[in-house]
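Here is the structure we will look at, set down as C-alpha cells.
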Amino acid sequence: MNNVMDVPKRPVRHFLPESFVVTTWEELKPYLDQLLDQEIDNAASLKMWLRHRSELESVLSEDMGWRYIRMTCFTDNEEYSKSYQDFVQNIQPQAAPYSDMLNKKVLESPHLKSLEHEAGYDMMIRNLKKEVELFRESNIPLMTEITTDTQKYASISGAMMIEMDGQEITLQQAGVILQSTDRAKREAVYHKIATRRLQDKAALDELFTKLIGLRHQVALNADFVNFRDYMFNAYG
C-alpha cells in the first residue's frame, strides 16, 4: 500500500514574478494596469491575456483565502484579523473597478467571437456578461462593509465557548456532542449552547439587522427589488 501523499504544487507563473506576494495595493496595481493596457491583436493573444488574468486573480483569491483561514482558526490573534481586514478594506475595494474594466476589455474585444464555441469559454463569457451587468461602483463600499460586518459576526460566533465535562470547548466541538446516543448528554449540551448564544443575542441581532439593510441597498443600487432576486441573478 502506498501511504505517500502527493502534495499539489503551485503552477509555474508566467505573468507574475515567482516571488510576488500580495502586500499592498500599490504593489498590486501595476500588474492590473499592465493587463488593462495590453494590446490584444488576435485570438491567440486574447487566450494568453486571459491566462495572465487568471493567474493574477488566482494569487489574489488564494491570498485572501489564507488570510481568512488564519483569522477564523485563531480568533484571538489580532494580527491575523488585521491582515484580513487590510485585504477587505484596502485591496479588494481598489481592485473591484479594475475587475469591471478588465471584464469590459474582454467583452469588447473583436477576437472574442472566435472563442465562443471552444469548450469552457461559453461559460466564462456568460459569467463576464453577468458581472458587468451587476457591477455598480456605488456598491463597492457597501460590499466592503458587508464583508467586514460578516467577519465581525463570525468572530463573535467563533469566540463562543461552553464548559462540558470540566473542559472549555467551542460551539463547533459541542455540536459533535449533539450527535451522541446519550439523550441526557444531548439535552445538556443543547441548553448550554442556547444559553451561550443568548449572551450575545443583542450584538448578533444588531449585526444581522444591519447586514439585511446593506444587502437590500446593494440590490436596489443594481436595479433589483430585493437581495434574493439580485443573488439569484448573480448565480445565473
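Things worth noting here:
- Only one of THR23, THR72 that is of a type outside the set (D, E, K, R) and outside any helix (DSSP H, G or I): THR23
- Test: residue in the stretch 39-48 that is free of Cβ contacts under 8 Å to residues at least 40 places away in the same chain, touching a Leu at 6+ places or on another chain (Cβ under 9 Å) and closer than 21 Å to LEU102 by Cα: no
- Single residue of the stretch 109-156 satisfying the filter (in contact (Cβ under 8 Å) with a residue 12 or more places away in the chain and assigned to a loop (DSSP other than H, G, I, E, B)) that is surrounded by the fewest Cβ atoms within 10 Å (Cβ to Cβ): ARG136
- For GLU39, the stated conditions hold: it is within 26 Å of LEU107 (Cβ to Cβ) and either touching a helix residue (DSSP H, G or I) at 6+ places or on another chain (Cβ under 6 Å) or not hydroxyl-bearing (Ser, Thr, Tyr) (or both).
- All positions within the stretch 34-47 that are out of contact with any Lys or Arg (no Cβ under 8 Å at 6 or more places or on another chain), part of a helix (DSSP H, G or I) and exposed (fewer than 14 other Cβ atoms within 10 Å of the Cβ): GLN34, ASP37, ALA44
- Residue among HIS14, HIS52 that is under 29 Å from LYS130 (Cβ atoms), touching a residue at least 12 places away in the same chain (Cβ under 8 Å) and surrounded by 11 or more Cβ atoms within 10 Å (Cβ to Cβ): HIS52
- Test: residue in the stretch 182-201 that is closer than 30 Å to TYR98 by Cα, over 18 Å from the mean Cα position of the chain (by Cα) and in contact (Cβ under 8 Å) with a residue 40 or more places away in the chain: no
- Restricting attention to the stretch 57-95 and to residues that are hydrophobic (A, V, I, L, M, F, W, C) and surrounded by fewer than 16 Cβ atoms within 10 Å (Cβ to Cβ), the residue that is modelled with the highest pLDDT turns out to be TRP66.
- As for the stretch 196-214, it holds at least one residue that is touching a strand residue (DSSP E or B) at 6+ places or on another chain (Cβ under 8 Å), more than 19 Å from THR150 (Cα to Cα) and at pLDDT 95 or above.
- Residue among SER83, SER109, SER99 that is in contact with a helix residue (DSSP H, G or I) (Cβ under 7 Å, 6 or more places away or on another chain) and either aliphatic (A, V, I, L, M) or under 21 Å from VAL21 (Cα atoms) (or both): SER83
- Only one entry of GLN217, GLN172 meets the criterion of being at pLDDT below 95 and either surrounded by 11 or more Cβ atoms within 10 Å (Cβ to Cβ) or farther than 26 Å from LEU142 by Cα (or both), and that entry is GLN172.
The values are calculated or read from the model by the stated rules, or taken from the named source; none is laboratory data. This one's a predicted model, so the numbers in the text were calculated from it and none came from an experiment. Please note: Cβ atoms are built from the backbone with ideal geometry, for glycine as well, and neighbour counts cover all protein chains shown.
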